[in-house]
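Notes follow once the structure below has been shown.
The values are calculated or read from the model by the stated rules, or taken from the named source; none is laboratory data. Remember, predicted model here, so these are calculated numbers, not experimental data. No Cβ is skipped: glycine too gets one built from the backbone with ideal geometry, and neighbour counts run over all protein chains shown.
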Ligand SMILES: Cc1cc2nc3c(=O)[nH]c(=O)nc-3n(C[C@H](O)[C@H](O)[C@H](O)COP(=O)(O)OP(=O)(O)OC[C@H]3O[C@@H](n4cnc5c(N)ncnc54)[C@H](O)[C@@H]3O)c2cc1C
């Protein structure tokens, strides 16, 4: 059995930043395994293509580096604020070395105050965010630079899946690979992301790693002419709004705004969901963002991932993929047909979505929450609650199985670290990358 100092599972931002930190600190004998292909071989239109391969979900992401500690994950619950801010600065510095642009978005303090006031008038909370926008087309370049920095300093195996984490007497021993090989390791860092969330959940169950009840986020992608969203996107680029719905008192939030962007499909394990991104240079006439509703389950059902999958499957059953509906049709209780979509003043950027009826897919509770949020947003983006607004369904975030970990992201299995979106502790590029640094730092200290 070959043996390594550290085995890292997953080449997304979390795994890659851990690898970089370890290599920079002189740790030798590191193996990085990634179930997807190498960067050049990645094809976004293949099953799992968006999420799997060198760069993970980051490769085709919008590349918005969100630098506010309260956004993009739960690291603020594990670290003191000053440490997290310092860590985010370190991550930001590395991305800039790799080619991220210097320009920072976030708005001036007076504009942010105004947005806060307007949000309050609509019954919402506005969370200011500072971010750098890499753009989908530039993410690949950054990932290429990252690979150049790592080449020759560790062993990289793509198209290689970790099948099991090996542990004995409460201590990690290595990793079993899908070719039947077993590799020994003093430390294992599991960074399987959303693509590996179901696998991680099963491994965590088998290894008796406890988890925390966490919400599942289900909703729609909203698309409007860019001018409708510009009061928000021009002032703050990414306006994070939180709303507690009138009828159900559910937490509803906006997520991932893409000015002049496009709506895209995401395919995983045979399920098609929607997402959005924007290019730094190529602009469309529309902007999009998600409205997501958080729900937590406890007893007797506590499987948010299965619930989200069930809803996505229903949308796929009816739409043979993703669905799109005009808000006006949803409001009056009728299906959007191809003819009605043709008459829609907002031209859909995702052409393959089937015109349909989201009320056959989303439970009343979610629909009501989404409709109420759109009403509330009128104070900030007039004409958003308009019959010609497009809603694509469904958007589901499968990052919800959150594991119970130490502040250093070590599991109860000694020397097994679980990081990034797959651990349920992060939800974005910066915090995922930061989680890689946290685990690497702990390993460097403990050697
Ligand atoms: C379309 C899209 C747009 C996005 N836009 C943004 C954005 O603008 N800003 C932002 O902050 N975030 C964005 N995100 C989210 C961001 O990409 C993720 O939060 C981030 O990539 C998570 O990093 P990670 O390393 O934890 O996991 P991932 O990036 O998901 O990487 C995990 C990797 O592990 C591999 N893997 C899984 N299981 C195994 C196994 N058993 N063996 C070997 N390999 C395995 C997977 O194939 C994958 O490559 C976007 C996501 C998507 C899909």
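Assorted remarks:
- Filter result for residue 68 (in contact (Cβ under 8 Å) with a residue 12 or more places away in the chain, touching a helix residue (DSSP H, G or I) at 6+ places or on another chain (Cβ under 9 Å) and surrounded by fewer than 19 Cβ atoms within 10 Å (Cβ to Cβ)): yes
- Only one of 339, 315 that is in contact with a strand residue (DSSP E or B) (Cβ under 7 Å, 6 or more places away or on another chain) and part of a helix (DSSP H, G or I): 315
Here's the yes/no breakdown for (1) closer than 29 Å to residue 68 by Cα; (2) in contact with a strand residue (DSSP E or B) (Cβ under 8 Å, 6 or more places away or on another chain):
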{"residue": "115", "(1), (2)": "yes, yes"}
{"residue": "136", "(1), (2)": "yes, yes"}
{"residue": "149", "(1), (2)": "yes, no"}
{"residue": "168", "(1), (2)": "no, no"}
{"residue": "176", "(1), (2)": "no, yes"}
{"residue": "183", "(1), (2)": "no, yes"}
{"residue": "196", "(1), (2)": "yes, yes"}
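- Looking at the stretch 122-205, the strands (runs of 3 or more DSSP E) lying wholly inside it that each contain 2 or more residues that are more than 15 Å from the ligand (Cβ to nearest atom) and assigned by TED's automatic domain parsing to the domain that holds residue 437 sit at 162-168, 171-177, 182-190.
- Among the numbered conditions (1) assigned to a strand (DSSP E or B); (2) over 16 Å from residue 66 (Cβ atoms); (3) touching a helix residue (DSSP H, G or I) at 6+ places or on another chain (Cβ under 9 Å), the only one that residue 283 does not meet is (1).
- Residue within the stretch 29-38 that is within 6 Å of the ligand (Cβ to nearest atom), closer than 23 Å to residue 350 by Cβ, assigned by TED's automatic domain parsing to the domain that holds residue 156 and buried (at least 24 other Cβ atoms within 10 Å of the Cβ) present: no
Results for (1) in contact (Cβ under 8 Å) with a residue 40 or more places away in the chain; (2) not in a strand (DSSP E or B), shown as yes or no for each residue.
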| site | (1), (2) |
| --- | --- |
| 220 | yes, no |
| 227 | no, yes |
| 230 | yes, yes |
| 247 | yes, yes |
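- Residues considered: 273, 284. Of these, the only one that is crowded, with 22+ Cβ neighbours inside 10 Å, touching a strand residue (DSSP E or B) at 6+ places or on another chain (Cβ under 9 Å) and at pLDDT 90 or above is 273.
- Scanning the stretch 57-76 for residues that are within 11 Å of the ligand (Cβ to nearest atom), more than 13 Å from residue 142 (Cα to Cα) and assigned to a helix (DSSP H, G or I) yields a count of 1.
- Criterion (within 20 Å of the chain's Cα centre (by Cα) and at negative phi) met by exactly one of 192, 231: 192
- Filter result for residue 411 (in the same structural domain as residue 66 (by TED's automatic domain parsing), more than 25 Å from residue 95 (Cα to Cα), in contact (Cβ under 8 Å) with a residue 24 or more places away in the chain and buried (at least 22 other Cβ atoms within 10 Å of the Cβ)): yes
- Residue count for the stretch 172-198, restricted to those that are closer than 13 Å to residue 403 by Cα and without any contact (Cβ under 8 Å) to a residue 12 or more places away in the chain: 0
- Criterion violated by residue 274 - all others in (1) within 14 Å of the ligand (Cβ to nearest atom); (2) closer than 16 Å to residue 398 by Cα; (3) in contact (Cβ under 8 Å) with a residue 60 or more places away in the chain; (4) in contact with a helix residue (DSSP H, G or I) (Cβ under 7 Å, 6 or more places away or on another chain) satisfied: (4)
- Criterion: buried (at least 23 other Cβ atoms within 10 Å of the Cβ) and either in a loop (DSSP other than H, G, I, E, B) or more than 10 Å from the ligand (Cβ to nearest atom) (or both) - qualifying residue of 84, 79, 22: 22
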